[in-house]
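Here's the structure we're looking at; comments come further down.
The values are calculated or read from the model by the stated rules, or taken from the named source; none is laboratory data. Source: prediction; values computed, not measured. For neighbour counting, all protein chains shown are included, and Cβ atoms are generated from backbone atoms with ideal geometry for every residue, glycine included. Side chains are part of the model used for accessible areas, which takes the heavy atoms of the whole protein and leaves out ligands, DNA and RNA. Shrake-Rupley method; radii C 1.70, N 1.55, O 1.52, S 1.80 Å.
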Amino acid sequence: MEKVESQEQIDSLCEIARVVWHETYDPLLPDGQVEYMLDKFQSDHAVKAQMKAQGYRYYLIKIEGKPAGFVGFSPRYENREEMFLSKIYLLPEYHGTGAVSQAFALVEKETREEGLSKIRLTVNKGNEHAIGVYSHYGFQVEEQVKSDIGSGYVMDDYVMVKEL
């Protein structure tokens, strides 16, 4: 795990997001929504704003020295006494390497160090693979939410929570 601090690391993170989001969400979302969401949530300007204004911490997952994925989280996001796990993505060729376990371990460690006892995340209802992974790591569906994200697009998600 490598804390994201440089422009090169942000560029790697954004490229990983582009690959993973298109693979995951193109079959689930209307045309144009993936590009819209990438710009809104995982572009250079969005990542920098999240880190500066919302307390996001990003870590690149590196395997054999190469960026393989990333995790992003924010303690006390929206003034909640919990950790918000915003993003955890791994390039397909690195599935099954144990990298996701290490990412979850990092998030749990940071959550405890912040004095928090809950991790919250949102996941697209159609993303069965991710829902299965989160369930495997102890997350449970708490509620369903639909969020208008602008330009006529909606995110239809489950909110999943893990108590530590």
Theoretical gain in end-to-end length, Thr97 to Gln54 [0.36 nm per residue, Cα-Cα removed]: 12.4 nm
Full extension from Asp11 to Thr122: what is 0.36 nm times the residue separation minus their Cα-Cα distance, to one decimal in nm? 37.6 nm
Set of lysines with alpha-carbon distance to Lys52 below 20 Å, sequence-local pairs under 8 removed: Lys3, Lys40, Lys87
In square angstrom, what is the accessible area per residue of the chain with a 1.4 angstrom probe? 52 Å²
Cleavage-rule hits, GluC sites (Glu not before Pro), segment 56-139, DSSP coil, Cβ neighbours within 10 Å at most 16: Glu64, Glu81, Glu114
Report, to the nearest whole %, how much of the accessible area of the chain belongs to carbon and sulfur atoms, 1.4 Å probe, protein only. 46 percent
Contour minus Cα-Cα span, Asp39 to Val145, at 0.36 nm per residue, comes to 36.0 nm
Per residue, how big is the convex hull around the C-alpha atoms of the chain? Give it to me in cubic angstrom, could you? 113 Å³
Summing Lys, Arg as +1 and Asp, Glu as -1, what charge do residues with Cβ under 12 Å from the Cβ of Lys125 carry, Lys125 excluded? -3
Straight-line reach from Lys146: which aspartates and glutamates fall under 18 Å, measuring Cα to Cα and dropping same-chain residues less than 8 apart? Glu78, Glu128, Asp156, Asp157
Mind checking which of Pro30, Pro75, Pro67 has the largest fluctuation in a GNM of the chain, springs on alpha carbons under 10 Å? Pro30
